[in-house]
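The values are calculated or read from the model by the stated rules, or taken from the named source; none is laboratory data. Given the structure is predicted, the values throughout are model-derived calculations rather than measurements. Cβ coordinates were reconstructed from backbone atoms using ideal geometry, including for glycine residues, and neighbour counts include every protein chain displayed.
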Amino acid sequence: MATNSAKSSSQLEISRVWNVSSVHISEDDSKLLDDDNPFISVVVYKYGWWLHVSCEETCNNAAFVEHLTDYGFSPSIGHMLSVARSHACDWIKLDADAPIYDFLEQYHW
């Protein structure tokens, strides 16, 4: 069992979050995020989803993205995970009121 030593206020562990509008996911994506899926750790909350970007090496792997799309996710999910990882993000927060990005596909459902 790992032991954590107490850290001082100068040793804060900070996570990076990328805020993304939920307009960038398809209706099918939303249903898959609401259910358990074997690829992405998801926290569902009242206004959207938190996606854990835990795929340090796999996010940029074409096979991983293919697994996501084979499972039913839109290509947008893989693209967002890849962008988040390239910016050292630990989480993506999908929220209706978050920014809309011109380089991401938009879905109207």
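Here ALA6 meets each of (1) surrounded by 11 or more Cβ atoms within 10 Å (Cβ to Cβ); (2) without any contact (Cβ under 8 Å) to a residue 24 or more places away in the chain with one exception, condition (1). Considering the stretch 9-33, the residues that are part of a loop (DSSP other than H, G, I, E, B) and at pLDDT 95 or above include one that is surrounded by the most Cβ atoms within 10 Å (Cβ to Cβ), namely ILE25. Listed residues ASP36, ASP70; which is out of contact with any Leu (no Cβ under 9 Å at 6 or more places or on another chain) and not in a helix (DSSP H, G or I)? Selected residue: ASP36, the only one of ASP36, ASP70 that is out of contact with any Leu (no Cβ under 9 Å at 6 or more places or on another chain) and not in a helix (DSSP H, G or I).
Inside the stretch 39-52, residues that are in a strand (DSSP E or B) and among the aromatic types (Phe, Trp, Tyr) make up a count of 3. A search for C-beta distances below 7 Å between a residue of the stretch 30-43 that is within 16 Å of ASP70 (Cβ to Cβ) and free of Cβ contacts under 8 Å to residues at least 60 places away in the same chain and any residue that is among the hydrophobic types (A, V, I, L, M, F, W, C) and assigned to a helix (DSSP H, G or I), counting only pairs 6+ apart in sequence or on different chains, returns PHE39/LEU68.
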